[in-house]
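Accompanying notes for the structure given below.
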Amino acid sequence: MVHPHNAEQIVRQFRRFAELLGTPPEPLSDGVEQRISSEGRSYRRRDYARSDRLLLRSILIEGLGHAWSGGDERFRFNDAAQPDTSRLIWDFLSTFRQPAPRRAPPLRLWLRYLSRLLRG
């Protein structure tokens, strides 16, 4: 929901930041801009990667203005037309999901185990 010029500046800043975090610092590849048509509005997507790992994605929804695409139009600054911005964000962020850490058994199971050891 930002002006295209501001979006370009944000991408430039995040791109530079990602390049500096590499060990050694390494530039991100320029992905090919894809034009994607949806039921509502078309959008342009450009991915930036390092060593084939996606790190940054830019999406520009054409003709949207200052609104949330795919939102509930009963609210201000929401546009019901597709694409669904929330889904686009989730699709990108879910590529970074980590497996959930194994949880320790509940305390009651440890106490039951301990009582069996003490009885035995």
(request) Working only within region 17-41, note down all residues that are more than 15 Å from Leu55 (Cα to Cα), in contact with a strand residue (DSSP E or B) (Cβ under 7 Å, 6 or more places away or on another chain) and surrounded by 13 or more Cβ atoms within 10 Å (Cβ to Cβ). (result) Ile36, Arg41
(message) Just to be sure before I move on: is Ile61 over 13 Å from the mean Cα position of the chain (by Cα) and within 17 Å of Val11 (Cβ to Cβ) in the structure I sent?
(response) yes
(request) Sort out for me the strands (runs of 3 or more DSSP E) sitting completely within region 12-61 that have 3 or more residues that are among the hydrophobic types (A, V, I, L, M, F, W, C) and within 16 Å of Thr85 (Cα to Cα). (result) 53-61
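Here's a check for you: in region 66-91, which residue that is hydrophobic (A, V, I, L, M, F, W, C) and outside any helix (DSSP H, G or I) is modelled with the lowest pLDDT?
Taking region 66-91 first, the residues hydrophobic (A, V, I, L, M, F, W, C) are 67-68, 75, 77, 80-81, 88-90.
Right, trim to outside any helix (DSSP H, G or I) and you get 67-68, 75, 77, 80-81.
Numbers: Ala67: 85, Trp68: 88, Phe75: 91, Phe77: 89, Ala80: 90, Ala81: 90.
Only one residue fits best here, namely Ala67.
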(message) Against the condition modelled with pLDDT of 90 or more, in contact with a strand residue (DSSP E or B) (Cβ under 7 Å, 6 or more places away or on another chain), hydroxyl-bearing (Ser, Thr, Tyr) and under 29 Å from Phe17 (Cα atoms), how does Ser94 come out, does it pass?
(response) no
(request) State whether the residues of region 77-94 include one that is under 17 Å from the mean Cα position of the chain (by Cα), farther than 24 Å from Asn6 by Cβ and polar (S, T, N, Q). (result) yes
(message) Against the definition (at pLDDT below 90, farther than 30 Å from Asn78 by Cα, in contact with a strand residue (DSSP E or B) (Cβ under 9 Å, 6 or more places away or on another chain) and not basic (Lys, Arg)), how does Ala7 come out, yes or no?
(response) no
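Being touching a residue at least 40 places away in the same chain (Cβ under 8 Å) and either loosely packed, with under 11 Cβ neighbours inside 10 Å or in contact with a Phe, Trp or Tyr (Cβ under 7 Å, 6 or more places away or on another chain) (or both) narrows it down to one residue among Phe96, Phe77, Phe14; which is it?
Working: Phe96 fails: touching a residue at least 40 places away in the same chain (Cβ under 8 Å); Phe14 fails: either loosely packed, with under 11 Cβ neighbours inside 10 Å or in contact with a Phe, Trp or Tyr (Cβ under 7 Å, 6 or more places away or on another chain) (or both).
On inspection, the qualifying residue turns out to be Phe77.
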(request) Among the numbered conditions (1) basic (Lys, Arg); (2) surrounded by 11 or more Cβ atoms within 10 Å (Cβ to Cβ); (3) out of contact with any Asp or Glu (no Cβ under 6 Å at 6 or more places or on another chain), tell me where Arg57 comes up short. (result) (3)
(message) Just to verify a result, which residue in region 18-27, among those that are within 19 Å of the chain's Cα centre (by Cα) and more than 18 Å from Leu93 (Cα to Cα), is modelled with the lowest pLDDT?
(response) Leu21
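The values are calculated or read from the model by the stated rules, or taken from the named source; none is laboratory data. Computed from a predicted structure; not experimentally measured. We place every Cβ from the backbone using ideal geometry, glycine too, and count neighbours over all the protein chains shown.
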